[in-house]
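Here's the structure we're looking at; comments come further down.
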Amino acid sequence: MRKPFVAGNWKMNTDSHTSVELAERIASESMDVSGQVTLGVCPPFVYLQAVAKALSASSVSIGAQDVYYEPKGAFTGEISTSMLKDIGCVYCLCGHSERRHVIGETDELINKKTTAAIAGGLLPILCVGELLAEREASQTDGIVTRQLENGLAGLSAEKVSAVTIAYEPVWAIGTGLTATPQQAQEVHDFIRKLLGQMYDDRVAGGIRILYGGSVKPDNAEELMGQLDIDGLLVGGASLKADDFLAIIQAAI
Ligand code: PEP
């Protein structure tokens, strides 16, 4: 019922040449699975247009790694939803852990971005996840609850259907440590139940919950085998065409 979704987050990597090269390989070698899986890549802002062109004949969508919530004006360095729509963006990451913990984004800011993204016609991928110390202190459920309740505050059931959730335990991002499939499933199940309480079971059952955190070709299949893992948000391994393509195969 929930179509698998694999998204690549290129973070602050690639250049004008390698971004297009990577996109071209993903486009051409994912053609035969395009009906079975939703695919997206999130390149750096400056390469979005070139990557969009490289992906234009494929079913791979482009996403932004961030967005600002104001529509336009004196916000130096920021990018609006309409700018992203204008160049063909479909998705937008909101609240990635590096924006939360490196840049210092708050739940309130992330909520404004998520809300603006939906209003502007983008599909937000709202990222949530606990730090290692929080997991060790058994605070995972509380942290994820706070991030989801605040991140989705004010969004109706209709609007929240545009959102994909990505559970990304911070201790597993870029570290080579992956949550075990059982650890990930436990949190995904918790998130779905929480969405059921915040909205209803029908809404919760329709929202895709991706797992992210050191996903690799050799752990993707087992993660995808879990009941509530509907897809994967892939960082490092999405920069290698062979690995990303293998992860896509594992997800279907
Ligand atoms: C990410 O950037 O969202 C991510 C999960 O990174 P990695 O796969 O490198 O851990």
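Let me check I have the definition right: for region 40-108, take the eigenvalues of the Cα gyration tensor, multiply each by 5, take square roots. What are those semi-axes in whole Å, largest first? Write down the numbers at each step before the final one.
Values: eigenvalues 100, 43, 18 Å².
Each semi-axis is the square root of five times an eigenvalue, giving 22, 15, 9 Å.
What is the local net charge at residue 139, summed over the other residues whose Cβ is closer than 12 Å to its Cβ (Lys, Arg +1; Asp, Glu -1)?
My count for the surroundings of residue 139 gives -2.
Could you compute the net charge surrounding residue 199? Neighbours are other residues with a C-beta less than 13 Å from the C-beta of residue 199; K and R count +1, D and E count -1.
Local charge sum for residue 199: 0.
For region 143-183, I need the span (max minus min coordinate) of the C-alpha atoms along each principal axis, in Å, sorted largest to smallest.
The principal-axis extents, from largest down, are 36, 19, 17 Å.
How much length is gained if the chain between residue 156 and residue 86 is pulled fully straight, taking 0.36 nm per residue apart and subtracting their Cα-Cα distance, in nm to one decimal?
Details: separation 70, 0.36 × 70 = 25.20 nm, distance 2.56 nm.
Additional length available on full extension: 22.6 nm.
From zero outward in steps of 10 Å, how is the percent of C-alpha pairs of region 174-252 spread across the bins?
20, 48, 25, 7, 0
Can you give me the distance in nm between label points at residue 12 and residue 177, each placed 7 Å from the Cα along the Cα-to-Cβ direction?
So the two model labels end up 2.4 nm from each other.
Does a label point 7 Å from the Cα of residue 242, set along Cα-to-beta-carbon, have any residues of region 1-37 with amide nitrogen under 16 Å, and which are they?
Of the residues in region 1-37, 22, 25-26, 29 have backbone N under 16 Å from the label point off residue 242.
Residue separation times 0.36 nm, minus the C-alpha to C-alpha distance between residue 149 and residue 28: what's the value?
Residue separation times 0.36 nm, minus the Cα-Cα distance, leaves 39.6 nm.
Rg(Cα) of region 107-183 divided by 2.2 N^0.38 Å? Don't jump to the answer; show the numbers that get you there.
On the way: Rg = 13.6 Å, N = 77, 2.2 N^0.38 = 11.5 Å.
Its radius of gyration relative to the 2.2 N^0.38 Å reference: 1.19.
Take residue 70 and residue 141, extend 7 Å from each Cα along the Cα→Cβ direction, and tell me the distance between the two endpoints in nm.
4.1
Could you give the spread of the C-alpha atoms of region 1-159 along their three principal axes, from largest to smallest, in whole angstroms?
So the three principal-axis extents are 44, 39, 33 Å.
None of the figures in this text is laboratory data; all of them are computed from the coordinates on show. Computed from a predicted model, the values in this text were never measured in an experiment. All Cβ positions, even for glycine, are placed from backbone atoms using ideal geometry, and neighbour counts span all protein chains on display.
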